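See below for the structure under consideration.
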Amino acid sequence: MKILETEIQINASPSRVWSILIDLQKYSEWNPFIKSAKGMVGIGEKLEVLISPPNGKEMTFKPTVKSVIENSEFSWLGQLGFPGIFDGEHIFTIVGNENGCLLIQKEKFKGLLVPLFWSSLDSNTRAGFELM
C-alpha cells in the first residue's frame, strides 16, 4: 500500500469546514483539484468525481462513499476495473483545535498497478492535494 497525505490548518470551525466539504455541487467554486463531484453523501452511495491533477490528465471515476462522520471524516473508495487492480481510498479528516481545525487529506492506494503509477501519483496527485 502507498499513502499520500497533506494537511492544512484552517481558521474556521470543524462544522464550517464540514459543511463546505460535503457540499459536492460547489466543489467547482473552490477546488482546483477535484473539479466536480456529484451524488449523495451517504455510506454506500456512488459519486461521480472529476479530478484534474497538475501536469496530468483529467479523469472521471465513480467511487463509493465509505464513511460519513459529521464534522470529522468523509471518505470514498474508487477502483479501476476490478477490486485489487488499482484501488484508491480518499479520506478527509477534520480535527478541531484552538485555532479552528486541521484538515487532513489522505489517499491510500493499493493494487497490482499502483507500483507502475506511483511516481506520477506521488508528484501529480500530491500537487493536486496541495492546491486544494
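Does any residue of the range 89-105 turn out to be in contact (Cβ under 8 Å) with a residue 60 or more places away in the chain and in contact with a His (Cβ under 8 Å, 6 or more places away or on another chain)? Within the range 89-105, one or more residues are in contact (Cβ under 8 Å) with a residue 60 or more places away in the chain and in contact with a His (Cβ under 8 Å, 6 or more places away or on another chain). Here is a check on your reading of the model: is residue 108 basic (Lys, Arg) and out of contact with any strand residue (DSSP E or B) (no Cβ under 6 Å at 6 or more places or on another chain)? For residue 108, the condition - basic (Lys, Arg) and out of contact with any strand residue (DSSP E or B) (no Cβ under 6 Å at 6 or more places or on another chain) - is not met. Number of residues in the range 1-14 that are loosely packed, with under 15 Cβ neighbours inside 10 Å and closer than 18 Å to residue 129 by Cβ equals 6. Restricting the search to the range 106-120, which residues are under 14 Å from residue 53 (Cα atoms) and without any contact (Cβ under 8 Å) to a residue 60 or more places away in the chain? Matches in the range 106-120: 117, 119. Output yes when any residue across the range 54-71 is of a type in the set (A, V, I, L, M, F, W, C), in contact (Cβ under 8 Å) with a residue 24 or more places away in the chain and closer than 18 Å to residue 6 by Cβ, and no when none is. Within the range 54-71, not a single residue is of a type in the set (A, V, I, L, M, F, W, C), in contact (Cβ under 8 Å) with a residue 24 or more places away in the chain and closer than 18 Å to residue 6 by Cβ. Of the strands (runs of 3 or more DSSP E) lying entirely inside the range 15-128, the ones with 1 or more residues being open to solvent by less than 60 Å² (accessible area, probe 1.4 Å) and modelled with pLDDT of 95 or more are found at 34-39, 47-51, 64-69, 73-79, 87-97, 100-110.
Look at the range 121-132: where a residue is touching a residue at least 40 places away in the same chain (Cβ under 8 Å) and a partner is small (Gly, Ala, Ser) and not in a helix (DSSP H, G or I), sitting 6+ places away or on another chain with Cβ atoms under 8 Å, you get 124/56; 125/56; 128/52; 128/56.
The values are calculated or read from the model by the stated rules, or taken from the named source; none is laboratory data. Bear in mind the structure is a predicted one, so any value in this text is a computation, not a measurement. So basically every Cβ, Gly included, is an ideal-geometry build from the backbone, and we count neighbours across all protein chains shown. Please note that ligands, DNA and RNA were not included when accessible areas were found on the heavy atoms of the full protein model with its side chains. Shrake-Rupley method; radii C 1.70, N 1.55, O 1.52, S 1.80 Å.
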